[in-house]
Structures are given as C-alpha cells and as structure tokens.
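Asker: Sharing a structure with you now.
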Amino acid sequence: MEMKKRINLELRNKAPGEVSELVLDNCRSNNGEIEGLTENFKELEFLSMANVELTSLAKLPTLSKLRKLELSDNSISGGLEILAEKCPNLTYLNLSGNKIKDLSTVEALQNLKNLKSLDLFNCEITNLDDYRENIFDLLSQITFLDGFDQEDNEAPDSEEEEEEDEDEDEDEAGPPGDYDEEASDLGEEEEEEEEEVGLSYLMKEGIQDEEDDDDYVEEGGEEEEEEEEEEETEEGVQGEKGVQGEKRKRDPEDEGDEDDD
C-alpha cells in the first residue's frame with residue numbers, strides 16, 4: 001500500500017490535528033521520499049515509518065510536538081540535519097538498519113538538544129573502533145545508545161517508566177488500599193473501645209444504682225425502726241399515765257373506806 005493511502009486509512013475519519021500517534025510501517029514510500037504527511041499533524045507525538053523504503057527525509061514536515069521517531073530498516077544514508085529543524089523536541093530516534101556509515105553523518109544530531117535515546121543497531125557505523133565511546137562523546141546529550149547507557153545498563157521501556165512513576169507516586173502518597181484498611185481497622189478498634197467503655201459505664205451505673213437503693217432501703221428501715229420505737233415509747237408513757245390515774249382515783253376511795261371503819 002502506498003504511504004498516502006495508508007495515512008488516510010490510519011486517520012479513521014479523524015482530522016490530522018486530532019492524531020497523536022501514527023504508524024505507517026511496511027507501506028511504500030514515493031521514490032524513497034515521504035508522501036501524504038503534512039504539517040496539519042501538529043499534535044503528533046509518535047511517528048513510525050519502519051521498512052517503508054525511505055532514502056531521504058527531505059519531505060518531512062514540521063512536527064514540533066513529535067517526541068519519538070521510528071525510521072528503522074530503511075535506506076537512509078544522510079541528511080539527518082533536517083530532524084533538528086523539523087522535529088526539535090525529539091527524545092527518541094531509531095535509525096537502526098539504515099545505511100549510516102560514519103560519525104560525520106551522526107554529528108548532525110548534535111542540535112537535537114532533547115535527544116535521550118538513539119538506536120544505530122545494524123548500521124555500518126557500529127563496526128567502527130570505539131564506536132560507543134565516540135558516539136557518547138559526540139552526542140553528549142544522549143543517555144542510551146542501542147538500548148544501553150555508558151555503564152551498560154539497559155534502557156527501560158516507556159511502559160515500565162510510566163509504571164515506575166506511578167509506583168513512586170503511590171509510595172509517596174501511601175497505598176490507598178492499605179490506608180483504607182488501616183482506617184477501617186482503627187475505626188473498628190475505636191468502636192470496640194467505645195462499646196467497652198459504654199458497657200463498663202452502664203455496669204458502674206447499675207452498681208451505683210443498686211448501692212443507692214440499698215442505702216435508701218437501709219435508711220428507710222432505720223427511720224421506720226425509729227418511728228416504731230418512738231410509738232412504743234409514747235404508748236409506754238401513756239400506759240404509765242393511765243396506771244397513775246387509776247391509782248390516784250383509788251386512793252381517795254381507799255381513804256373513804258378507812259374513815260368509815
């Protein structure tokens with residue numbers, strides 16, 4: 001399929017300005033040049049044109065937001081200076097499997113100030129003595145060459161980088177699940193403590209009420225006993241008064257009887 005037709009197919013009824021990723025791998029370029037790609041793709045961030053028989057980048061439009069460009073398995077041998085002009089914000093460039101032979105060709109990439117990763121795997125330039133050291137010296141801005149840094153540490157995949165960033169954010173913020181579980185556990189413990197406190201309080205209140213009732217009963221019993229004692233005392237006094245009255249009444253009678261005698 002021709003590149004121009006492939007672009008129209010990949011749009012899928014979208015406007016070029018709405019597309020952020022475009023994959024045109026394995027289609028056919030027009031005489032080794034880009035065809036159908038215009039500056040209307042102003043939001044494009046990822047473009048892949050692998051194995052499309054490209055020999056030149058002269059017709060590459062201005063794509064100021066483009067960050068990743070895949071150009072592997074083509075026949076590009078030079079003209080890389082256009083990349084800094086048309087795609088100044090590139091961070092990843094894959095030129096593996098092309099016809100790049102010497103350092104002077106790669107030197108044009110020095111103006112890509114944001115470039116972090118460059119792939120030249122399966123290019124003739126990789127056969128040069130001290131190839132890696134020379135590339136890192138020439139392009140001081142890059143971190144990874146052919147998938148490895150200067151210390152031979154492998155470059156992470158973009159997906160892994162995103163996952164690591166998310167994990168770091170979660171670690172800083174604290175795992176939501178653990179937080180919810182801890183919060184619920186604390187809530188349950190607080191509820192249990194409140195229940196225990198409530199029960200103990202009610203038990204103490206019940207005991208206090210019983211003690212108060214006992215005190216009331218004892219006080220009431222003492223008052224009743226005192227009242228009964230007072231009544232008995234009063235009855236005893238009244239009884240004595242009655243007996244004395246009878247004696248007084250009898251005494252005059254007894255005296256009258258004595259006089260008769």
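Asker: Starting from the 7 Å offset along Cα-to-Cβ, what nm value, one decimal, do you get for the label separation of ALA84 and GLN141?
Answerer: Going by the 7 Å Cα→Cβ label model, 0.8 nm.
Asker: Okay, next question. Below 14 angstrom from the Cβ of SER72, what's the summed charge of the other residues (Lys, Arg +1; Asp, Glu -1)?
Answerer: -4
Asker: Shape call for the stretch 1-82 from the C-alpha gyration tensor, a ≥ b ≥ c root eigenvalues: rounded (a/c under 1.5), prolate (a/b greater than b/c) or oblate?
Answerer: oblate
Asker: Which residue, SER104, LEU69, GLY17, has the largest displacement toward the positive end of the dipole of the stretch 1-118 when charges sit on each Cβ (Lys, Arg +1; Asp, Glu -1)?
Answerer: Value: GLY17.
Asker: OK, next. So if I place +1 on the C-beta of Lys and Arg and -1 on the C-beta of Asp and Glu, and nothing else carries charge, what would the dipole magnitude of the stretch 1-143 be about its Cα centre? I want it in debye, nearest 20.
Answerer: Values: 17 positive and 23 negative charges, 119 e Å.
Value, rounded to 20: 580 debye.
Asker: Excluding ligands, DNA and RNA, what is the solvent-accessible area per residue of the stretch 1-158 at a probe of 1.4 Å, expressed in Å²?
Answerer: 53 Å²
Asker: Which percent of the accessible area of the stretch 77-142 is formed by carbon and sulfur heavy atoms (probe 1.4 angstrom)?
Answerer: Looking at the stretch 77-142 in its full context, I get 41 percent from C and S.
Asker: Let me check I've understood the local charge: for ASN31, count other residues with C-beta under 14 angstrom from its C-beta, Lys and Arg +1, Asp and Glu -1. What total comes out?
Answerer: Numbers: positive: LYS4, ARG28, LYS59; negative: GLU2, GLU33, GLU35, GLU53.
So the environment of ASN31 carries a net charge of -1.
Asker: In nm, to one decimal, how far is the LYS113 label point from the SER20 one, both placed 7 Å along Cα→Cβ?
Answerer: For LYS113 paired with SER20, the spin-label model returns 2.5 nm.
The values are calculated or read from the model by the stated rules, or taken from the named source; none is laboratory data. Keep in mind it's a predicted model, so treat the numbers as computed, not measured. Reconstructed Cβ throughout: ideal geometry from the backbone, glycine too, with neighbour counts over all protein chains shown. The area values use the complete protein model at the heavy-atom level, side chains included, leaving out ligands, DNA and RNA. Shrake-Rupley method; radii C 1.70, N 1.55, O 1.52, S 1.80 Å.
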